[in-house]
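Right, one structure below, let's go through it.
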Amino acid sequence: MLYKVFSAAVFGIKAYLVHVEVNGTYSPSFSLLTVGLPDTAIKESKERVRAALKNCGFDIRQEKFTVNLAPANIRKEGSSFDLPVAVGILGTSKGIRREHLDDFLLLGELSLDGAVRPVRGALSVALMARSRGIRSLLVPEANASEAAVVEGVAVYPARNLSQVVELLNAEALPPPVPTNRTRSDPPDGVQDADFREVRGQHNAKRSLEVAAAGGHNILMIGPPGSGKTMLAKRIPTILPPPTFEEALETTQIHSVSLCTQTVEGLVSRRPFRAPHHTISDAGLIGGGSVPRPGEVSLAHNGVLFLDELPEFDRRVLEVLRQPLEDGTVSIARAAAVVDFPARFMLAAAMNPCPCGFFGSSIRNCSCTPPIIQRYISRISGPLLDRIDLHIDVPEVKFREMASAQPGEDSLTMRNRVVKARQIQLQRFQGKGLFCNAQMPPRLIRKHCLISPEGQKKLESAMSRLGLSARAHDRVLKVARTIADLAGHEEIRSEHVSEAIQYRTLDRNLWV
C-alpha cells in the first residue's frame, strides 16, 4: 500500500518541499529502504524509526517498506524525515486517517523512545509552507514558537510519536500555537555592559556612536590596554532594536545553524560575533559539502568583531571583501550556488605596531619603520578602503581612570542612535535598506546633499589625503550619519570635517 506525506528540507537558508512516499509490501522481516539521494543520517533512520514505533506500542507487521524522498535528483540530509517516515509507515497499515494529513507538513527527528527532537530550519520551512499554500505544520515542540512567527500557517507542536498519531486521528484539531510576533527587548538601562564603565576615550565613544547610527564599519587602533575590546563589546548596548524584517532574517539564519535559543521564536537582540583570529576562511564565510552559514552570516544585521586584526590569516581577511561590499556570501558547489545574507557592521581592533606602543606617550616603541610598515600591510588596501572609520584609541590618563565622574551611559547614546536610525528608515522606506552604510552610489548622490563649504572641504581632503572613489563615497555616508545625529537635512562643513577626522590610516601617520 502506498502512503504519501508532505515534509521539507533546507538548502542554504531556503526550504523546499519534499514528498515522502512510503510503500509497504509483505516480507519475512521488517526492513526499510530509503531512496532519493539520502545522506548517512537519513539512512540510519531505519533503526530510530523501528525502535520509536515499537517503544510507542505500535505493532507493525513484518513488511518491507520502501521510502522515496522526492524530488529524487536533490540530495537530502539531516534527521528531520524521521517523523514523516514513521507516520507514512503507520499510514500504510491504516493506523492514521487521511482527513487531516493532506493539509499537514511534518518535520521532526525521533529518539528511540518516540520523543520528537528539534530540527534546524523550522522558520524557513514555515515560510516555504505558506508560499506553497500548505495550511498546517507539525513540528517538534521546541521549534513550535519559532515556526509560529509566520502568519497564515497553523503550527502544532509534536512532543512524541503517540501524541502525533492522536492528533492526526482526532475528529477535530486542537487550537494551534498562537502566532507571536512580539520580541522581548531588555528593559531600559538593563544591560550586561554599559558605556558608563568606560573612563575617558570620548573621541572613541563618539566614533562608535556614529558607526552604530549609520551601520558603518570601524577600525580601532591603539596600544594594548587602551580599552579597544572593552569598547567593542559595548557596541550592542547602543544599537537600535531590529525591525521585524531584520529579526526574521536573523532568526532564519540562526535557525538553519541551530543557534536559536529564544522562547519567542525571534532573535530579539542584534547578534554580536567575535571569532578567534585562528578561524579558517570556511568558518568565517561559511562552507562545507552541504553549505552552512559562517560567522559573517551569523552576524547578519548585527556586529562582527575581529580583535587583533593583523593576526588573522591574510586569505581569511581577503574573503571579507565580497560580504562587506555586497552584503551577501555566495558559496559555489557542484550541485548549486548558495547565497547567505551577510549584512553586518564590522568592528575591528589592532595595535599600531608589533610591540603595540608606536605613538605611545607612556612606553617607547621598539619597532623600526619597515617593521611597522610590514605589520600594517598585513591588512590590504582594498580591505581598509571598505572600512568607513579608522580611529586612534590612546592610553587612558590616570586622572581619567581615577575620576569619580561616570562616563555617558549606553541608554543616552542609544536614544540618539535610535532617532538617527528612524530618520534613515523613513528615508529608505520601500527600498529594502535600513541604514546609511547600505546606500548604493545612486542613492548617495540623491540623499547626501552637501553645502558649498562642505564640498570645498571634501575636495581639499581628497587631493591632500589621496582618497579613492570608494573612500570618497564612504566619507559622504559617514557625514550623512553625523548630520542625521545632529538633525540636519543638509550635510554641513563641520559634518564633513568630522567624517574626514575618522580616516586615520589615510593621513599616513604611521611611518
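When DSSP assigns beta bridges and you keep just the ones with both residues in the chain, what percent turn out antiparallel, to the nearest 5?
Working: 29 of 60 bridges.
Expressed as a percentage, antiparallel bridges in the chain total about 50.
Which value, in Å² rounded to 10, gives the accessible area of residue 439 with a 1.4 Å probe and all protein chains present?
Accessible area, nearest 10 Å²: 10 Å².
Determine the gain in length on full extension of the stretch residue 488-residue 422; use 0.36 nm per residue of separation and subtract their C-alpha separation, reporting nm with one decimal. Don't skip to the answer; put the middle values down first.
Working: separation 66, 0.36 × 66 = 23.76 nm, distance 1.36 nm.
That pair, residue 488 and residue 422, stretches by 22.4 nm at full extension.
Using only the alpha-carbon atoms of the chain, report the extent along each of the three principal axes, biggest first, to the nearest angstrom.
Answer, in whole Å and largest first: 84, 47, 44 Å.
If you roll a 1.4 angstrom probe over the protein chains with everything in place, what fraction of the accessible area of the chain belongs to carbon and sulfur, to the nearest %? Don't skip to the answer; put the middle values down first.
Working: 11470 of 22260 Å².
Heavy-atom surface of the chain belonging to carbon and sulfur, 1.4 Å probe: 52 percent.
Segment 458-481 to segment 402-453: how many Å between their Cα centroids?
Centre-to-centre (Cα) distance: 18 Å.
With each label point set 7 Å from Cα along the Cα-Cβ vector, what nm distance links residue 245 and residue 325?
Rounded to a tenth, the inter-label distance reads 2.5 nm.
Please give the contour-minus-distance gain from residue 362 to residue 308: 0.36 nm per residue of separation, less the Cα-Cα distance, rounded to one decimal in nm. If you can, show how the numbers build up before the last one.
On the way: separation 54, 0.36 × 54 = 19.44 nm, distance 2.10 nm.
Working it through step by step, the gained length comes to 17.3 nm.
Given R₀ = 51 Å, FRET efficiency for residue 162-residue 339 by Cβ-Cβ distance, to 0.05? Intermediate values should be presented prior to the final figure.
Working: r = 41 Å, r/R0 = 0.80.
So the FRET efficiency works out to roughly 0.80.
May I ask you to derive the FRET efficiency for residue 412 and residue 26 from their Cβ-Cβ distance with R0 = 60 Å, giving the value to the nearest 0.05? Don't skip to the end; give the middle numbers.
Numbers: r = 75 Å, r/R0 = 1.25.
Working from the Cβ atoms, E equals 0.20.
Compute from the Cα atoms of segment 47-149 the Rg and the Dmax, the latter being the longest Cα-Cα distance, and quote both in angstrom.
14.0, 42
Which residues' amide hydrogens lie under 5 Å from the amide hydrogen of residue 272, considering only partners 5 or more residues apart or on another chain, with H built in the peptide plane?
Residues meeting the criterion, in which the H sits 1.01 Å from N, are 303.
In the structure shown, do any of 4/431; 233/477; 233/446 have a Cα-Cα gap over 31 Å, and if so which? Provide the component values of the computation, followed by the final result.
On the way: 4/431 42 Å; 233/477 24 Å; 233/446 34 Å.
Going by Cα-Cα distance, 4/431; 233/446 fall outside the 31 Å limit.
Order 434, 195, most accessible first, counting only protein heavy atoms with a 1.4 angstrom probe. List each step's numbers first, then the result.
Values: 434 30, 195 0 Å².
Order by accessible area, largest first: 434, 195.
Kindly report the accessible area of the chain per residue (heavy atoms of protein chains, probe 1.4 Å, no ligands, DNA or RNA), in Å². If you can, show how the numbers build up before the last one.
Values: 22260 Å² over 511 residues.
It amounts to 44 Å² per residue over the chain.
Using θ = phi - 60° and the Karplus form 6.51 cos²θ - 1.76 cosθ + 1.60, what ³J(HN,Hα) does each residue of segment 289-296 get, whole Hz, x for Gly and Pro?
Listing the rounded values in order: 4, 9, x, 10, x, x, 4, 5 Hz.
Based on the Cβ-Cβ distance from residue 280 to residue 445, what FRET efficiency comes out when R0 is 25 Å, to the nearest 0.05?
Values: r = 39 Å, r/R0 = 1.58.
According to the calculation, E is roughly 0.05.
Return the tail of the calculated pair distribution for segment 1-61, meaning the percent of Cα-Cα pairs more than 14 Å apart. Show your work: numbers first, answer last.
Working: 1256 of 1830 pairs.
For segment 1-61, the share of Cα pairs beyond 14 Å comes to 69 percent.
Quick one, what does Rg over Rh come out to for segment 419-510 if you take C-alpha atoms and the Kirkwood Rh? Walk me through the numbers on the way to the answer.
On the way: Rg = 13.1 Å, Rh = 13.4 Å.
In segment 419-510, Rg relative to Rh is 0.97.
What accessible surface, in Å², does a 1.4 Å probe find on residue 435, ignoring ligands, DNA and RNA and rounding to the nearest 10?
Solvent-accessible area, nearest 10 Å²: 10 Å².
Just from its helices, what would the mean residue ellipticity at 222 nm be for the chain, if runs of 4 or more DSSP H residues each count -39500 (n - 2.57) and the sum is divided by every residue, rounded to the nearest 500 deg cm²/dmol? Numbers along the way, then the final one.
Values: 21 runs with 185 residues, N = 511.
Calculated mean residue ellipticity at 222 nm is -10000 deg cm²/dmol.
Between residue 63 and residues 5 or more places away or on another chain, which pairs have amide H atoms under 5 Å apart, with H built 1.01 Å from N, and which residues are they?
27, 30, 31
With a cut-off of 8 Å between alpha carbons and a minimum separation of six or more residues, what is the relative contact order of segment 397-487 in percent? Before the final figure, lay out each step's value.
Working: 37 pairs, mean separation 32.2, N = 91.
Rounded, it is 35 percent for segment 397-487.
What list of whole percents do you get for P(r) of segment 235-321, with Cα-Cα distances grouped in 5 Å bins up to the one holding the largest distance?
3, 14, 23, 22, 18, 13, 6, 1
Give me the compactness ratio for segment 51-98, meaning the Cα radius of gyration over 2.2 N^0.38 Å.
So segment 51-98 has a normalised radius of gyration of 1.27.
Restricting things to alpha carbons, find the Rg to Rh ratio for segment 337-433 using the Kirkwood radius for Rh. Numbers along the way, then the final one.
Numbers: Rg = 19.8 Å, Rh = 18.1 Å.
With Rg and the Kirkwood Rh in hand, the quotient comes to 1.09.
The values are calculated or read from the model by the stated rules, or taken from the named source; none is laboratory data. Keep in mind it's a predicted model, so treat the numbers as computed, not measured. Here Cβ is always computed from backbone atoms with ideal geometry, including for glycine, and neighbour counts include all displayed protein chains. The area values use the complete protein model at the heavy-atom level, side chains included, leaving out ligands, DNA and RNA. Shrake-Rupley method; radii C 1.70, N 1.55, O 1.52, S 1.80 Å.
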